[in-house]
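Have a look at the structure below before the remarks.
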Amino acid sequence: MANFPGSRPSAAAKKTGVIRPLLLVLLIVSVIAVQYVHLEQYLDQERLRQFGVSHGVLLPLIYLAVWTVGPLFLPGLPITLAGGVLFGPIWGVIYTAIGSTCGAGLVFLVARYLARDWVAGRLAGTRLLSLDQKVARQGWKIVAISRLVPVFSYSLLNYAFGLTRISFWPYLAATFVCNLPSTIAYVYFSSNILGLLQGKISSGLIIGVILIVLVSLIPVIYKWRKARAGEALDI
């Protein structure tokens, strides 16, 4: 992997850190707007699902295409949330898991074969300097840890792994499996979010919030255990 000077966080990582708060603000504004503008008739869950069914395989294919190409330009969280709204908790998880894995694979291949110099420049100044050495020592385990403990931007990591010596299929398999916890949590949450926009708090929404909290605790517990053992983070 190319040598990247410095250790300051990248602009991309900083931007990623504000996405979730912005989404929360957008959600609050949406709830208020729905109540005052009376948009409830357009937010019926079953109506949206029937709309998806009426389009057969076309809507899932469009969603998968967006997920495959989207990570080259867009953050993944909004696409994940859309999957829960459009397809529900089961098919939403299936389509999102497949689509996000395809997207991660495409970014990996672009970084490895088409845009190495551009990616190296984009990663300059980040703590991803030592990623290749860590992959050489632990292989796919570093990919797994990076998915469960998101220290860096998801998109940035996909590019960075393309510059390491890890093979494509182990990278893809570890990405698919270790993305599942967060995929299930966010898709389940978003599959129940339209009720909140209508002023209703369902048991499904509460379960979704609990799942997100549990997933968010994974990196906290991991870092705490590393600190308690006096060990450095693996990524």
Checklist entry - Which whole-Hz ³J(HN,Hα) couplings does segment 101-112 yield from phi under the Karplus relation 6.51 cos²θ - 1.76 cosθ + 1.60, θ = phi - 60°, glycine and proline marked x? => result 5, 4, x, 5, x, 5, 4, 4, 5, 4, 5, 7
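Suppose the chain between ILE62 and ILE221 were pulled fully straight at 0.36 nm per residue; how much longer would it get relative to their current alpha carbon spacing?
On the way: separation 159, 0.36 × 159 = 57.24 nm, distance 3.71 nm.
Length gained between ILE62 and ILE221: 53.5 nm.
Take the alpha carbon atoms of segment 137-213, find their radius of gyration, then divide it by 2.2 N^0.38 Å using N residues; give the quotient.
On the way: Rg = 16.1 Å, N = 77, 2.2 N^0.38 = 11.5 Å.
Output field value: 1.40.
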Item to check | Lys/Arg +1, Asp/Glu -1 at C-beta; segment 77-235 dipole; positive extreme among VAL93, TYR159, SER203 | outcome: TYR159
Item to check | Descending semi-axes in Å of segment 70-118, equivalent ellipsoid built from Cα gyration tensor | outcome: 26, 11, 5
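How far, in nm, would the chain grow between SER202 and LEU74 when pulled straight, counting 0.36 nm per residue and subtracting the alpha carbon separation?
Values: separation 128, 0.36 × 128 = 46.08 nm, distance 3.02 nm.
Full extension from SER202 to LEU74 adds 43.1 nm.
Quick note: the coordinates plus some simple rules give every number you see, no bench work behind them. For clarity, every value in this text was computed on a predicted model and none was experimentally measured. When we count neighbours, we look across all protein chains shown, and the Cβ atoms used for this are built from the backbone with ideal geometry, even at glycine.
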